[in-house]
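The values are calculated or read from the model by the stated rules, or taken from the named source; none is laboratory data. Since this is a predicted model, take the numbers as computed values, not measurements. Every residue, glycine as well, gets a Cβ built from its backbone with ideal geometry; the counts of neighbours run over all protein chains shown. Areas reflect the complete protein model, heavy atoms only, side chains present, ligands, DNA and RNA absent. Shrake-Rupley method; radii C 1.70, N 1.55, O 1.52, S 1.80 Å.
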Amino acid sequence: MWILPSRSRPHNLLRLIDAWVRTGASTPVELCIDLDDPHGLQYDALPLLPLWSVKIETRHPLCTLSSIYNNAYRRYPNEPWFGFISDDVVPITNGWDSILIEAAGRDGMAVPAGGHDSGGAPHFVLGGD
């Protein structure tokens, strides 16, 4: 399952959803948004895909990506893999999601080349074990 945190950037999600469809991605996503997000109505209007779900939580003052990820681990302790993706990612490789999941296996990690951005890993997969 992909964990996708987003705050105040529904326009980025619309672009990601388009790329998801274009590249044939077919794996489940949990979109994590804040209850107090000022763009909540825009998130509600997004055309989410069939395997996408939404988790709305109260934003805590010390909310970090690691706390969002840890909460996901607690909600889904038995997933065979965990993917983490940012709302500003635009995948271009067909089947990229399955490629990363297969590369990570049950106990590894897979990080894509990153396209034009060499400054970090905006998405990666960890094996569930």
Practice prompt. Give the long-range amide H neighbours of Cys32: residues separated by 5 or more places, or on another chain, with amide H under 5 Å away, using H modelled in the peptide plane at 1.01 Å from N.
Written response: Leu4, Ser6, Lys55
Worksheet item: Among Arg106, Arg74, Arg22, which one shows the biggest mean-square fluctuation in a GNM of the chain, springs joining Cα atoms closer than 10 Å?
Response: Arg74
Discussion item. Of all beta bridges DSSP finds with both residues in the chain, what is the antiparallel percent, to the nearest 5?
Written reply: 35
Discussion item. Between Asn70 and Ser8, what is the label-point separation in nm under the 7 Å Cα-to-beta-carbon projection?
Written reply: 2.5
Worksheet item: Once the whole set of protein chains is in place, how much accessible area is left on Ile68, using a 1.4 Å probe, in Å² to the nearest 10?
Response: 30
Discussion item. Largest first and in whole Å, what are the equivalent-ellipsoid semi-axes of the chain based on the Cα gyration tensor, each being the root of 5 times an eigenvalue?
Written reply: 22, 18, 14
Response to the item:
Averaged per residue, the 1.4 Å probe accessible area of region 26-85, protein heavy atoms only, in Å², is roughly 61
Worksheet, complete the sentence: For region 53-60, in residue order, the Karplus 3J(HN,Hα) values (coefficients 6.51, -1.76, 1.60; θ = phi - 60°; whole Hz; Gly and Pro = x) are 10, 10, 10, 10, 10, 6, 6, 8
Worksheet entry | Cβ-derived FRET efficiency at R0 41 Å, Asn94 paired with His60, nearest 0.05 | 0.60
Worksheet item: If we restrict to alpha carbons, what Rg and Dmax does region 21-77 come to, in Å?
Response: 12.9, 37
Item to complete: Please list Asp37, Asp44 in order of solvent-accessible area, largest first, computed with a 1.4 Å probe with all protein chains present.
Response: Asp44, Asp37
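Percent of accessible area on the chain owned by carbon and sulfur, 1.4 Å probe?
Using a 1.4 Å probe with all protein chains present, the chain comes out at 57 percent carbon and sulfur.
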Worksheet item: What number, in percent, do you get for the relative contact order of the chain if the mean sequence gap of Cα pairs under 8 Å and at least 6 apart is divided by its residue count?
Response: 31
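Only Lys, Arg, Asp and Glu count, each charged at its Cβ (+1, +1, -1, -1), so figure out the dipole size of region 1-93 about its Cα centre, rounded to 20 debye.
Computed charge dipole of region 1-93: roughly 140 debye.
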